[in-house]
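What follows draws every value from the coordinates through simple rules; no lab data is involved. Nothing here was measured: the structure is a model prediction, and the numbers come from that model. Every residue, glycine among them, receives a Cβ derived from its backbone with ideal geometry; neighbour counts consider all protein chains shown.
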Amino acid sequence: MVKKNVNLSDNIDLTPDFIAELVQTACKYDSNSYVIAGNKKINLKSIMGVMSLVTVKDRSLTLTTEGGDEGTAMDAIEGFIGRACA
């Protein structure tokens, strides 16, 4: 399992386009991918789950990936979030 902490910048909007692209990025990989926010563990391959991030006040999140391509999946997800926060 790969685990990394990320901080969402205040200028990032969790728009439907952002959410859809995040889910699409996670779905490219076989590994299971999750974001942990507060006491919520959200499957990044679930559009409904990721939409619930809109209600999360904490901008500090933990990403986890687990599976055969977990490192590559983590790099892609973290890279997407980093580009969106820039």
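For the chain, the Cβ-based charge dipole about the Cα centre amounts to some 260 debye (Lys, Arg positive; Asp, Glu negative; other atoms uncharged). Only one of (i) 12.6; (ii) 20.0; (iii) 18.6 was calculated from the structure for Kirkwood radius over Cα pairs in Å, and its label is (i). Under 5 Å from the amide H of Lys45 lie the amide H atoms of Ser33, each residue being 5 or more positions distant or on a separate chain, with H modelled from the backbone and absent for Pro and chain starts.
With 0.36 nm allotted per residue and the present C-alpha distance subtracted, the Asn43-Glu21 stretch has 6.5 nm of extension available. Less than 15 Å from a label point 7 Å out along the Cα-to-Cβ axis of Lys3: which backbone N atoms in region 32-58 qualify, by residue? What the label zone holds, given the 15 Å backbone N cut-off, is 33-42. The angle between the Cα long axis of helix 16-27 and the longest principal axis of the Cα atoms of the chain comes to about 10 degrees, rounded to the nearest 10. The mean sequence distance of close C-alpha pairs (under 8 Å, at least 6 residues apart), as a share of the length of the chain, puts its relative contact order at 43 percent.
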